[in-house]
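These notes are about the structure you will find just below.
The values are calculated or read from the model by the stated rules, or taken from the named source; none is laboratory data. Computed from a predicted structure; not experimentally measured. Cβ atoms come from the backbone with ideal geometry, glycine included; neighbour counts cover every protein chain shown. Only protein heavy atoms, including side chains, enter the accessible area calculation; ligands, DNA and RNA are left aside. Shrake-Rupley method; radii C 1.70, N 1.55, O 1.52, S 1.80 Å.
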Amino acid sequence: MTNSCKVHSPATIANLVCGFDILGMALHEPFDIMELVLLDEPKIIIRNKDNFNLPTDPEKNVAGVVLLSIMERMGNRIGFELEMEKHIKPGSGIGSSAASAAGAAVAANHLLGNIFSDHELVQFAMNGEKLASGVKHADNISPCILGGISLIRSIHPLDIVSITVPDLFVTVIHPQIEIKTSYARQILRQQVSLKDAIRQWGNIAGLVAGLLQNDPDLIGRSMEDVIIEPVRSILIPGFDELKIKTKEAGALGGGISGSGPSIFMLSKEKQTAIGVESVMKEVYDKIGIDYRTYVTTINKKGVEVIA
Ligand code: ADP
């Protein structure tokens, strides 16, 4: 058994427009790099190789919490030393905490001889998400581990469906503003009208069918959220203008990534995705808020052991 490994753990987009809390997708970029060493004594050491200053106390770091739960499952006979090089900015809305949690779970499993199923890895990694956001959710974790797009049909009991994904391009803009996930959740309405609910589940079914049938136009038509987006988009400057203009530039559709502030748009062609990036930049240059953009594709593998 090798006692060290290196993994790439990708960014993910949760709350896939109409699929709030139930649909998530993995991206090729950005990704975190994590190196894990198996120790023969029960302790967790964390070192940061980036400038995000995340806690190195295992109980306060998402990856540490996941490693502690695996250590406990192994009867406290082993431990881990982790070196994290994060490229996914914490609080960006593209699954920074999930990348740490999922990467730690997959790397630990690799070092232990792949004794845990994907399902168990999602369970371990969800302990980390609980630390980051206060609730156990799997719509970032699951695509991060499994790759592609995951449908979280249920959390209790955990029921995950992997959805075959077409080759689409994804453009992401991460405005450099902070939106607290807890606040973005707090402002949501607790009741929805039957009319909105019907429209939303029509869209979710349309989106899933569009993905399975590789029908980009159906995917585009179905990427409409009448429940969450109207409330949350108020927190993101330029959101409506950006969406209208990127669609005019040929994007199929898109919306808020996670709980924001990142916004993503899907395109059929790479050239369109690059054009969409230019439009996003124009909108944000005009507003005068710093940003970071990515033009990438859907990552079908999820966390990858590279050494
Ligand atoms: P994102 O949607 O980008 O994942 P979250 O709000 O879910 O952002 O998580 C970020 C929060 O979790 C921050 O408060 C951060 O300090 C905390 N955190 C703790 N450990 C980690 C970690 N290893 N990676 C990322 N965030 C972490």
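Points to keep in mind about this one:
- In the stretch 227-234, the count of residues that are out of contact with any Lys or Arg (no Cβ under 7 Å at 6 or more places or on another chain), within 22 Å of residue 132 (Cβ to Cβ) and in contact (Cβ under 8 Å) with a residue 40 or more places away in the chain is one or more.
- Unmet requirement for residue 214, which otherwise passes all of (1) surrounded by fewer than 17 Cβ atoms within 10 Å (Cβ to Cβ); (2) within 18 Å of the chain's Cα centre (by Cα); (3) on the phi > 0 side of the Ramachandran plot: (2)
- Residue match in the stretch 272-293 (condition: touching a Cys at 6+ places or on another chain (Cβ under 9 Å) and not in a helix (DSSP H, G or I)): no
- Scan of the stretch 75-85 for residues that are more than 17 Å from residue 121 (Cβ to Cβ) and open to solvent by less than 10 Å² (accessible area, probe 1.4 Å), ordered by number: 79, 84
- Here 164, 181, 171 are screened, and the one residue that is open to solvent by less than 40 Å² (accessible area, probe 1.4 Å), more than 14 Å from residue 19 (Cα to Cα) and of a type outside the set (A, V, I, L, M, F, W, C) is 171.
- When residues of the stretch 93-112 are limited to those that are in contact with a Gly (Cβ under 8 Å, 6 or more places away or on another chain) and not in a helix (DSSP H, G or I), the one surrounded by the most Cβ atoms within 10 Å (Cβ to Cβ): 95
- Screening 80, 31 for residues that are within 14 Å of the ligand (Cβ to nearest atom), assigned to a strand (DSSP E or B) and over 22 Å from residue 139 (Cβ atoms) leaves exactly one candidate, 80.
- Hits in the stretch 259-292 - residues which are within 16 Å of the ligand (Cβ to nearest atom) and open to solvent by 10 Å² or more (accessible area, probe 1.4 Å): 259, 291, 292
- Taking the listed residues 55, 90, the one that is without any contact (Cβ under 8 Å) to a residue 40 or more places away in the chain, in contact with a Phe, Trp or Tyr (Cβ under 8 Å, 6 or more places away or on another chain), near the ligand (Cβ under 9 Å from one of its atoms) and of a type outside the set (D, E, K, R) is 90, with no other qualifying.
- Close pairs from the stretch 121-136: first closer than 19 Å to residue 304 by Cα, partner away from the ligand (no atom under 11 Å from the Cβ) and open to solvent by 40 Å² or more (accessible area, probe 1.4 Å), Cβ under 6 Å, at least 6 apart: 126/136
- Any helices (runs of 4 or more DSSP H) falling wholly within the stretch 150-240 and containing at least 1 residues that are of a type outside the set (S, T, N, Q) and at pLDDT 95 or above: 194-212, 216-222, 229-232
- Where residue 102 falls short, out of the listed (1) within 9 Å of the ligand (Cβ to nearest atom); (2) closer than 11 Å to residue 11 by Cα: (1)
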